[in-house]
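Here's the structure we're looking at; comments come further down.
Derivation of every value follows stated rules applied to the coordinates shown; laboratory data play no part. Worth saying up front: this structure is predicted, and the values here are computed from it rather than measured. Ideal geometry is used to build each Cβ from the backbone, glycine not excepted, and the neighbour counts take in all protein chains shown.
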């Protein structure tokens with residue numbers, strides 16, 4: 001007598017079984033969940049000299065920390081540092 005085979009219905013699950021319903025699109029759910037965390041892209045044209053300076057700073061960070069940040073991460077970090085410096089200078093000084 002041949003062993004009987006059972007039919008298995010394909011279902012999509014993650015490690016957390018309650019997180020994703022059967023048949024729900026992983027891509028659609030992931031995009032909806034992370035949409036709030038992803039900043040809007042801002043296309044910027046940078047002159048070659050400025051791109052070279054950003055790349056040089058990126059290489060310095062790699063040497064200092066051993067971490068290879070992306071170019072966009074370095075640009076965001078430099079913008080934040082520059083704005084912090086400008087805001088500090090513009091703040092009223094206490095006498």
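Filtering the stretch 80-95 to residues that are farther than 22 Å from residue 54 by Cβ and either part of a helix (DSSP H, G or I) or touching a helix residue (DSSP H, G or I) at 6+ places or on another chain (Cβ under 9 Å) (or both) leaves 88, 89, 90.
Out of the stretch 55-77, which residues are assigned to a helix (DSSP H, G or I) and under 17 Å from residue 41 (Cβ atoms)? Within the stretch 55-77, 71, 72, 73, 74, 75, 76, 77 meet the criteria.
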